[in-house]
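Novice: Here it is, the structure in full.
The values are calculated or read from the model by the stated rules, or taken from the named source; none is laboratory data. It should be emphasised that the depicted structure is a prediction, and the values quoted were computed from it without experimental measurement. Glycine gets a Cβ as well: all are built from the backbone with ideal geometry, and neighbour counts include every protein chain shown. Each accessible area value is taken on the protein alone, full model and side chains, heavy atoms only, with ligands, DNA and RNA left out. Shrake-Rupley method; radii C 1.70, N 1.55, O 1.52, S 1.80 Å.
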Amino acid sequence: MTAATEYTLAELCIVACAEAFRDDGEKLATGIGVVPRLAASLAMKTFNPDMMMTDSEAFMLSEPNPLGDRGADFVQKNESWMGFSRIFDNVWGRKRHAMLGPTQIDRFGQTNTSALGGTYEQPKVMMLGARGFPGNSISHRNSFFVPSHNTRVFIEGECDYVSSIGYNPARLPKGHSLEDVDIHRIVTDLCVMDFGGPDHQLRVLSLHPGVTAEQVKENTGFELCMPENLPTTAAPTVEQLEIIAGLDPHNQRAYQIKDNPPGNRG
Amino acid sequence: MDKRLSAADAVAQISDGMTIGMGGWGPRRKPMALVREILRSDLKDLTIVAYGGADVGMLCASGKVKKVIFAFVSLDFIPLEPYFRQARQNGAVEVMEIDEGMLLLGLRAAAWGMPYIPTEVGLGTDVITHNPEIKVIDSPYDDKEWVAMPAIKLDVALIHADRADARGVCQIEGPDHYLDDWFVRAADTTIVSCEEIVDTDYFHDPIRARQVFWERSETTTVVEIPGGAHPSSCNPQYGFDVPHFKTYVASAKEEGGFAAYCEKFLGKDEAEYQERVGGLDAIRNIALPIY
């Protein structure tokens, strides 16, 4: 395993996101968006072959599909039917790890995919809706990928609309514990984080090459836990880059982070 | 028994103020020809229940909707449905915004004649704080609180299928029937449009029989409308019409955009609509999406 010297920030993030799936074992990994999907696919093809994945439509696969047009001769490696109604059976059975990109994340790890500003009756900006976030957040492990780490995503106050449960004592349902919530990793264009700080505070685990602790603090709307002597996020290996290129033959990953910067910004 | 009707006669079963559930998911296998028939009608004050796409957007834009029960409204490759967004941002429709799974549980409760189904989904989120009609209850069996997801009873379900016989045996040939079976079971009246009406012996083949997801007793009416899911997809027959959706989305940026869209495409009936969007052969030649 040779660490690559040339790689993009998107590729660094794919590898960092893949790490989130390392210890999952036999769970359904759902990566929504190009970077999370490539991350889950990389994990399944390398260190977690037990992982399960769908074709994003209706079948479970024994090998991940490459992204985009796969040519007329391509035969996907189906292992079972997995339509949407069955996804809910899996979610409520808790054997899933989803990685998605919410519009807002607050200091409790609550997220918003629904609407910005205004009221419930008349939001200022309507977005997707709650989608499956409420159910995902209380049923199984979740991770987030944020392609642009800034104070509009990591907001100062509470989310305008709370789509998913987080570590907020004020909203803790009766008979539940904050430990029931499992927000595993938050990977951004600046760093890797979790909610393992004191009282579930957002905590930085590693800084991407060339990124400073100060940069992360400035771009986060609330206090986060910044341990001393943080490691640098591991560079992709040459082997990982080859696998990623095979999974993304049309290079969709080049369009996921603004201007597709190099991974090392030092 | 013969359940075949014309689209106009089928939609004539709907009255003002009814709650209508829509099959399909986002831009996939939506009963769009039946939606267009509603657009041509005088119906109003409808409550729409959907995993929403342009079906919800168009009905909102036409002013026929009082309330939407939804978890998302999206065209997938264009994440935000422009006319639903406008309706929300203008405060033009009431809403019950819930989780995708809660919507399924609400339909199941209705299908099974239960007032609610307990779930932990929604706890700790604004789904509960913003929807006071969704109650949180104590359990007789443990010390936790649970969301009592109320039944979502439908007056009518609108579904688009691949094939049906005259008695209402309906086939969904594509890779996913989504939650269509639960919309059907939650409804008093189910209207199914289909690509093709077939003879009953079509279903003697056990593979085809396995593509039937509810009993014919749940089907009220069948309408043969080939291409009737356009511009949404009907996999494996055809994909969704990306250029048409882009035109539709662009229309929302103009003042009076939806009226202009209808003026250009809707027509007096489905035959005229299909002529205006390039014809049935063109619809059937739309490539399937790659995910």
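Novice: Express the relative contact order of the stretch A:1-74 as a whole percentage, based on alpha carbon pairs under 8 Å and six or more residues apart in sequence.
Specialist: The value is 24 percent.
Novice: GluC sites (Glu not before Pro), restricted to the stretch A:126-234: which are DSSP loop and have at most 15 other Cβ atoms within 10 Å?
Specialist: Details: sites: A:E156, A:E158, A:E179, A:E214, A:E218, A:E223, A:E228; in loops: A:E156, A:E158, A:E223, A:E228.
Counting only loop positions with at most 15 other Cβ atoms within 10 Å, the GluC sites (Glu not before Pro) in the stretch A:126-234 are A:E156, A:E223, A:E228.
Novice: Okay, next question. Kindly sort A:T8, A:T103 by accessible area of their heavy atoms, largest first, with the probe set to 1.4 Å.
Specialist: These residues rank, largest area first, as A:T103, A:T8.
Novice: Regarding the stretch A:1-156, what whole-number volume in Å³ per residue does the convex hull of its Cα atoms give?
Specialist: 159 Å³
Novice: For chain B, return all DSSP H helices satisfying: extent of Cα atoms along own axis at least 15 Å; mean Kyte-Doolittle hydropathy at least 0.5. Can you show the working numbers first?
Specialist: On the way: long enough: B:100-111 (17 Å, 1.14).
Helix filter hits for chain B: B:100-111.
Novice: Okay, next question. Placing one identical point scatterer on every Cα of the stretch B:2-60 and ignoring solvent, what is log10 I(q)/I(0) from the Debye formula at q = 0.13, 0.21 Å⁻¹?
Specialist: Scattering profile of the stretch B:2-60, log10 relative to I(0): -0.31, -0.82.
Novice: Here is a further query. Given H placed 1.01 Å from N in the peptide plane, which residues other than close sequence neighbours of A:N260 have an amide H under 5 Å from its amide H?
Specialist: Amide H neighbours of A:N260, under 5 Å, 5+ apart: none.
Novice: With a cap of 16 neighbouring Cβ atoms within 10 Å, and only residues DSSP puts in a loop, list the GluC sites (Glu not before Pro) found in the stretch B:205-291.
Specialist: Filter output for the stretch B:205-291: B:E215, B:E254, B:E255.
Novice: Reachable lysines from A:K45, Cα under 27 Å, same-chain residues fewer than 8 places away excluded?
Specialist: Filter leaves A:K27, A:K77, A:K95.
Novice: Quick check for the stretch B:35-152: number of Lys pairs with alpha-carbon distance under 25 Å, counting only pairs 8 or more apart or on different chains?
Specialist: 6
Novice: A follow-up question, please. How much mean residue ellipticity at 222 nm does the protein assembly as shown get from its helices, if each DSSP H run of length 4 or more adds -39500 (n - 2.57) and you divide by all residues, to the nearest 500 deg cm²/dmol?
Specialist: It lands at -7000 deg cm²/dmol.
Novice: Something else: Aspartates and glutamates within cross-link reach of A:K258: Cα-Cα under 16 Å, excluding same-chain residues under 8 positions apart?
Specialist: Correct list for A:K258: A:E11, A:D189.
Novice: Further question: Hey, for a label at A:K174 modelled as a point 7 Å past Cα toward Cβ, could you say which residues of the stretch B:119-142 have their backbone N under 18 Å away?
Specialist: B:119-125, B:128-129, B:132-142
Novice: Give the aspartates and glutamates reachable from B:K264 as a straight Cα distance under 17 Å; neighbours fewer than 8 places away on the same chain don't count.
Specialist: Correct list for B:K264: B:E37, B:D241, B:E254, B:E255, B:E272, B:E275.
Novice: Also: Can you tell me the Rg and the Dmax, both Å, for the Cα atoms in the protein assembly as shown?
Specialist: Values for the protein assembly as shown (Cα only, Rg and Dmax): 23.9, 77 Å.
Novice: Also, I was wondering about something else. Counting other Cβ atoms within 10 Å of each Cβ, which chymotrypsin sites (Phe, Trp or Tyr not before Pro) in the stretch B:123-194 have at most 15 and sit in a DSSP loop?
Specialist: When the chymotrypsin sites (Phe, Trp or Tyr not before Pro) of the stretch B:123-194 are filtered for loop state and at most 15 Cβ neighbours within 10 Å, B:Y141 remain.
Novice: Here's another thing I want to ask about it. Percent relative contact order of chain A, based on C-alpha pairs within less than 8 angstrom and at least six residues apart?
Specialist: Value for chain A: 24 percent.
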